[in-house]
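**Student:** Pasting a structure below so you can have a look.
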Amino acid sequence: MKRKLLVQQWLAIGGVLVAGCLGAAICWAQAQSTTQSTARKPAVGTQTPAADAVQGKVLEYLRTRFGVPESTKMSMGPLHPSGVAPSFRQGTFSVGEGASQHSQDVLISGDGRYLILVNGSIIELHQSGTTEMAQRVREAFKIPANKKVSVGGFRNSASAEFQQGTLTVTDGDAPKQEATVLLARDGKHAIVSELYNMAVDPRQQALRIISTHDEPFQGPAQAPVTIVEYADLECPMCARVHDFLETKLVPRYGDKVRLVFKEYPLPMHDWSRTAAVACQCAYELNPPSYVPLRSLIFRNQQMINIANLRETLLNFGEQAGLERAKLAGCIDAQATQARVQRDVDEGKRLMVDRTPTVFINGRMIVGLPSEDAYYQTVDEILRSNK
């Protein structure tokens, strides 16, 4: 059975993995090979009822956190001592069935509170220091030699077993890529992963973070269902999801749904941020023009390039009902850059690392696993509201 990362299986649905990755250099390497842990193999332990309860909690958290549809089978094998951190146990989490089944290792704290997804490998370190750690990360993820890798900024994490730092990958003048790296207390193991707190309901956490004030939206402000979409205008899957929301979901539910749009340009795309600035200019200059401009960009992605970008955006802006001169001035001055960055910063707090990522009343769906996944989520919320 192939072993793939959870993020590969669920956060890159329907699109090219590298194009959907925020940490492009790391994701590029993940796409080249299967995942194998390099840490010491855990000894076989005895499963207990308490461990069974922890497994159920992990599966429920992962399904909610990563928007895995209820119709998709999820399972988890026995838990064993991790060999990485004394109070953490290690297990294997699987998604799907048969030939489509994929697995990923996870570490779980003894109290069932903290979860670590083993992205790539558990990296063994022979010496202390960030230089060796950066080199081991490069080797583990096969990051090309022309990209600079650095690790630093370590501080205490929420778990006493790990320190938390930042892995940074840079490539010339391109925007830097960042990811969280966890360093075990023994100084001998590092993992590129977030430390997830399973005591916090991902839906409630999302609702606390997401702001819908002064954001472009479609539908009635008091609709019982709010769909918040973080999208990159250069992302093909984002275009598919936008078309689905615009032409199928909204007509199906009418005034029961409000769509809130967030800009989330990915660093590896060369024109998506400028397009996002243009869309936010449309919202500030003439709010009703925002959605038509956004739709025109999504529908015509293939004809847009960095050379014709400005002229194309101005032409689309006119079609959407904007004054050409005012839109040009706003784009050239990058007047809405702060609005775009506000959305990006918010998405990062939500740990959005693929586009599109959608939150339906706080429930995450990434990409377009199926149209039914959206319909079922909306229907369930409407039923619970009744």
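**Student:** Against the conditions (1) loosely packed, with under 15 Cβ neighbours inside 10 Å; (2) farther than 21 Å from PRO265 by Cα, where does GLU161 fall short? Just the number, please.
**Tutor:** (1)
**Student:** Quick check on SER159: is it among the small types (Gly, Ala, Ser) and outside any strand (DSSP E or B)? Full working, then the answer.
**Tutor:** Numbers: among the small types (Gly, Ala, Ser): yes; outside any strand (DSSP E or B): yes.
When the stated conditions are applied, SER159 passes them.
**Student:** Could you please tell me which pairs satisfy a Cβ distance under 6 Å, a separation of 6+ or placement on different chains, a first residue in the stretch 74-102 that is under 17 Å from TYR114 (Cβ atoms) and in the same structural domain as LEU115 (by TED's automatic domain parsing), and a second residue that is aromatic (Phe, Trp, Tyr) and assigned to a strand (DSSP E or B)?
**Tutor:** Hits for this filter: MET76/PHE93; SER82/PHE88.
**Student:** Name the residues in the stretch 104-154 that are hydroxyl-bearing (Ser, Thr, Tyr) and either modelled with pLDDT under 90 or more than 23 Å from the chain's Cα centre (by Cα) (or both), would you? If you could, list the steps in order and put the result at the bottom.
**Tutor:** Taking the stretch 104-154 first, the residues hydroxyl-bearing (Ser, Thr, Tyr) are 109, 114, 121, 128, 130-131, 150.
Matches in the stretch 104-154: SER109, SER121, SER128, THR130, THR131.
**Student:** Could you list, in sequence order, all residues of the stretch 336-359 that are under 20 Å from ASP201 (Cβ atoms), crowded, with 22+ Cβ neighbours inside 10 Å and over 11 Å from the mean Cα position of the chain (by Cα)?
**Tutor:** Correct list: PHE359 only.
**Student:** Considering only residues that are in contact (Cβ under 8 Å) with a residue 60 or more places away in the chain and within 18 Å of GLN218 (Cβ to Cβ), which ones fall in the stretch 281-321?
**Tutor:** Those that are in contact (Cβ under 8 Å) with a residue 60 or more places away in the chain and within 18 Å of GLN218 (Cβ to Cβ): TYR283, PRO287, TYR290, VAL291, ARG294, ILE297, PHE298, ARG299.
**Student:** Restricting the search to the stretch 70-87, which residues are among the hydroxyl-bearing types (Ser, Thr, Tyr), under 28 Å from ASP379 (Cβ atoms) and surrounded by 15 or more Cβ atoms within 10 Å (Cβ to Cβ)?
**Tutor:** Looking only at the stretch 70-87, we keep the residues that are among the hydroxyl-bearing types (Ser, Thr, Tyr), and these are 71-72, 75, 82, 87.
The next check asks that each one be under 28 Å from ASP379 (Cβ atoms); those that pass are 71-72, 75.
THR72, the sole residue that qualifies.
For (1) in a helix (DSSP H, G or I); (2) in contact with a helix residue (DSSP H, G or I) (Cβ under 9 Å, 6 or more places away or on another chain); (3) outside the structural domain of ALA282 (by TED's automatic domain parsing); (4) not small (Gly, Ala, Ser), each residue gets a yes or a no:
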site: GLY317; (1), (2), (3), (4): yes, yes, no, no
site: ALA335; (1), (2), (3), (4): no, yes, no, no
site: GLN341; (1), (2), (3), (4): yes, no, no, yes
site: LYS348; (1), (2), (3), (4): yes, no, no, yes
site: MET351; (1), (2), (3), (4): no, yes, no, yes
site: PHE359; (1), (2), (3), (4): no, yes, no, yes
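**Student:** Test ARG208 against the criterion of being over 21 Å from the mean Cα position of the chain (by Cα) and charged (D, E, K, R), and give yes or no.
**Tutor:** Details: over 21 Å from the mean Cα position of the chain (by Cα): no; charged (D, E, K, R): yes.
No: the conditions fail for ARG208.
**Student:** Taking only the stretch 159-175 into account, find how many residues are within 24 Å of VAL344 (Cβ to Cβ) and either without any contact (Cβ under 8 Å) to a residue 60 or more places away in the chain or out of contact with any Lys or Arg (no Cβ under 7 Å at 6 or more places or on another chain) (or both). Can you show your working first?
**Tutor:** In the first step, residues of the stretch 159-175 are kept if they are within 24 Å of VAL344 (Cβ to Cβ); the result is 164-175.
Filter once more, so that each one left must be either without any contact (Cβ under 8 Å) to a residue 60 or more places away in the chain or out of contact with any Lys or Arg (no Cβ under 7 Å at 6 or more places or on another chain) (or both): 164-168, 170, 172-175.
Residues in the stretch 159-175 being within 24 Å of VAL344 (Cβ to Cβ) and either without any contact (Cβ under 8 Å) to a residue 60 or more places away in the chain or out of contact with any Lys or Arg (no Cβ under 7 Å at 6 or more places or on another chain) (or both): 10 in total.
**Student:** If a residue must be under 25 Å from ASN361 (Cβ atoms), in contact with a Pro (Cβ under 8 Å, 6 or more places away or on another chain) and surrounded by fewer than 22 Cβ atoms within 10 Å (Cβ to Cβ), how many such residues does the stretch 238-282 contain?
**Tutor:** The qualifying residues number 4.
**Student:** Take the conditions more than 22 Å from LYS248 (Cβ to Cβ), under 20 Å from the mean Cα position of the chain (by Cα) and assigned by TED's automatic domain parsing to the domain that holds MET237 and apply them to MET364. Does it pass?
**Tutor:** Numbers: more than 22 Å from LYS248 (Cβ to Cβ): no; under 20 Å from the mean Cα position of the chain (by Cα): yes; assigned by TED's automatic domain parsing to the domain that holds MET237: yes.
No; evaluated as a whole, the condition is false for this residue.
The values are calculated or read from the model by the stated rules, or taken from the named source; none is laboratory data. Computed from a predicted model, the values in this text were never measured in an experiment. Counting neighbours? That spans all protein chains shown, and the Cβs are built from the backbone with ideal geometry, glycine included.
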